[in-house]
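Novice: Sharing a structure, written as structure tokens. Questions coming.
Every number in this text was worked out from the coordinates using simple rules, so none of it is lab data. These numbers were taken from a predicted model, which means no experiment stands behind them. Note that each Cβ is placed from the backbone with ideal geometry, even for glycine, and that neighbours are counted across all protein chains shown.
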Amino acid sequence: MLLGIIILILVTATIIFLSISFYITLYGSPYSPTPTKAVKEMLKQAEIKKGDKVYDIGAGDGRIVHYAVKNYGADAVGFEMDPFIFFIAKLRQWFWKWKGKIYRKNFTKHDLSDADAVLCYMLPRTLKKFQKKFDKELKQGTKVISYSFHIGDWKPKKIIPKKGKINKIFIYETT
Ligand SMILES: C[S@@+](CC[C@H](N)C(=O)[O-])C[C@H]1O[C@@H](n2cnc3c(N)ncnc32)[C@H](O)[C@@H]1O
């Protein structure tokens with residue numbers, strides 16, 4: 001009887017998690033981790049200084065915020081909408097001592113005006129939608145680094161070309 005209840009709870013929780021993930025995939029961008037080598041290049045291109053406010057607007061397992069804190073001493077914050085992926089990010093922080101703040105939140109509900117750098121890996125149609133928010137909130141001189149995809153009709157300051165398994169990296173700076 002107890003085993004039956006536990007199985008029922010686990011199956012229900014899995015269905016809820018998967019439904020939310022499916023919704024997020026439709027709403028925005030599905031989970032796919034940026035290779036660590038690319039993360040390090042993105043952070044280098046962001047020219048982060050100690051104490052800078054760095055956002056990963058869809059944090060995934062939290063690797064970008066982790067390296068932003070570990071390698072640059074940034075005040076790094078990640079938002080992750082998907083509860084399952086968020087749980088994985090928290091597990092990494094607990095067990096692997098990964099650094100940075102990660103919140104289970106839709107980043108569109110957060111004011112990004114204090115950002116020194118914004119990093120992202122999202123689909124082009126999603127980035128196009130978010131461009132308005134960036135235009136409205138980001139202060140002048142904010143670095144925006146996008147893995148794989150360009151942001152709407154913004155003109156990149158620089159593009160790091162695809163190299164092996166590492167996709168293009170688009171580097172922007174708000175004016
Ligand atoms: C392609 S993954 C990138 C993960 C991580 N940034 C990386 O580079 O390894 C995009 C992530 O953004 C999350 N996401 C999509 N839209 C979001 C939103 N509006 N707010 C917070 N997270 C979002 C998805 O759940 C997914 O985990």
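Novice: Compute, for the chain, the length of the dipole vector about the Cα centre, with Cβ point charges of +1 (Lys, Arg) and -1 (Asp, Glu) only. Units Debye, rounded to 20.
Specialist: Computed charge dipole of the chain: roughly 500 debye.
Novice: Which aspartates and glutamates, if any, have their Cα less than 17 Å from the Cα of residue 155, not counting same-chain residues under 8 positions apart?
Specialist: List returned: 135, 173.
Novice: Given H placed 1.01 Å from N in the peptide plane, which residues other than close sequence neighbours of residue 53 have an amide H under 5 Å from its amide H?
Specialist: 75, 116, 117
Novice: Okay, moving on. Mind scanning 53/132; 132/158; 136/165 and naming the pairs with a C-alpha gap bigger than 26 Å?
Specialist: 136/165
Novice: Going by a ≥ b ≥ c, the root eigenvalues of the Cα gyration tensor, does segment 81-135 fall in the rounded group (a/c under 1.5), the prolate group (a/b larger than b/c) or the oblate group?
Specialist: Judged from the Cα gyration tensor, segment 81-135 comes out prolate (a/c at least 1.5, a/b above b/c).
Novice: Could you list, bin by bin from short to long, the percent of Cα-Cα pairs of segment 68-175 in 10 Å steps?
Specialist: The distribution over segment 68-175 is 13, 41, 37, 9, 0, given as percents.
Novice: Hand me the trypsin sites (Lys or Arg not before Pro) from segment 146-175 located in a DSSP loop with no more than 14 other Cβ atoms within 10 Å, in residue order please.
Specialist: Those satisfying the criteria are 157, 162, 165.
Novice: Residues with amide H under 5 Å of residue 173's amide H, sequence separation 5 or more or different chain, H placed in the peptide plane at 1.01 Å from N; which?
Specialist: For residue 173, the qualifying residues are 144, 157.
Novice: Of 70/105; 143/168; 90/163; 37/168; 105/162, which sit over 21 Å apart, Cα to Cα?
Specialist: Table pairs above 21 Å Cα-Cα are 70/105; 90/163; 105/162.
Novice: Report ³J(HN,Hα) in whole Hz for each residue of segment 57-71, in order, from the Karplus equation J = 6.51 cos²θ - 1.76 cosθ + 1.60 where θ = phi - 60°; Gly and Pro get x.
Specialist: Coupling constants for segment 57-71: 7, x, 6, x, 7, x, 5, 5, 5, 4, 6, 5, 6, 4, 8 Hz.
Novice: I would also like to ask the following. Given the chain, what percent of its DSSP beta bridges are antiparallel, to the nearest 5?
Specialist: 40 percent
Novice: What's the ranking of 80-88, 137-145, 52-60 by average number of surrounding C-beta atoms within 10 Å, highest first?
Specialist: Result, highest mean first: 52-60, 80-88, 137-145.
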